[in-house]
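To keep things clear, I will list the structure first and then write my remarks on it.
The values are calculated or read from the model by the stated rules, or taken from the named source; none is laboratory data. The structure displayed is predicted, hence computed values, not measured ones. Glycine gets a Cβ as well: all are built from the backbone with ideal geometry, and neighbour counts include every protein chain shown. Side chains included, ligands, DNA and RNA excluded: accessible areas come from the protein's heavy atoms. Shrake-Rupley method; radii C 1.70, N 1.55, O 1.52, S 1.80 Å.
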Amino acid sequence: MREFVFALEYDPGTNPVADVLAEYPDASIRSLSYHATEDSLWRVDHADGPREALEALEDAYANAEYFADCLVKNDCGADCETQILDRSSSELVVYTYWDRTDACTSVPHVALDHLGDGLLFETYREGRRYRWRIVLASDAPIHDFFDALGEEVGECTGMEMLRLTELDPDRRDDADDDSLPTEQREALRAAVERGYYETPRRIELSELAEKLDVPRSTLSYRLRRAEAALATAFVDEDSVEALAAPGSEGTL
């Protein structure tokens, strides 16, 4: 089995959910479950962020012109169902379903056409960037799929291939890479390489954001999330080592 990771980048006005996420860089969406057949698509998404962002996302999901992951720019004529499964001040869980029409297409449907069934999909959205991870057979024709997808997304959406690797549970490097979303990991790597964390700094946040071609607020958010995740992992590991050290007091 292999994993194929790529990203779409939506232009302004081409996707209501992407427009909301671009307006609220502290918000993000990840898929909890994802299923597609030749005739339909349904998924459950978990969004987190400030209350205003979640309210705007809820409106975007309910937009009559929005069908989850449909790549058709105009009304595709599909029947779409949206239901809020859970809601709090900082989290939103949304179920969406639509029956495919002759005009509809999507990443999973292009994948089904070129890669066959038995695929696993995982997604993460932040800003206008939409990252996809597909687990598939090792001999699947990836390049045929990616070329066909490029024809479907057209000029309104950028595409970037991020990773194609064999799945190996014994490789610690892969596990470490997946500890952070790709966008956060790339932002952190760029910040380190360009001297953002040096004293004195060799580059300021606004300069780094310009070089990476992302909004300053988005870059700041990605770095904060990455730093928080790494700090938490460090403290957790340090606490375990302290408890295991000879002569340490306390009980588990």
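Just a few scattered comments:
- Note on E52 and S88: the extension gain reaches 11.8 nm, defined as 0.36 nm multiplied by sequence separation minus the Cα-Cα distance.
- Where segment 3-112 is the region considered: accessible area per residue in Å², 1.4 Å probe: 44 Å²
- Nearest-0.05 FRET efficiency for L230 and R2, computed from C-beta distance (R0 22 Å): 0.20
- When you filter the GluC sites (Glu not before Pro) in segment 8-48 for DSSP loop state and at most 12 other Cβ atoms inside 10 Å of their Cβ, you are left with E38.
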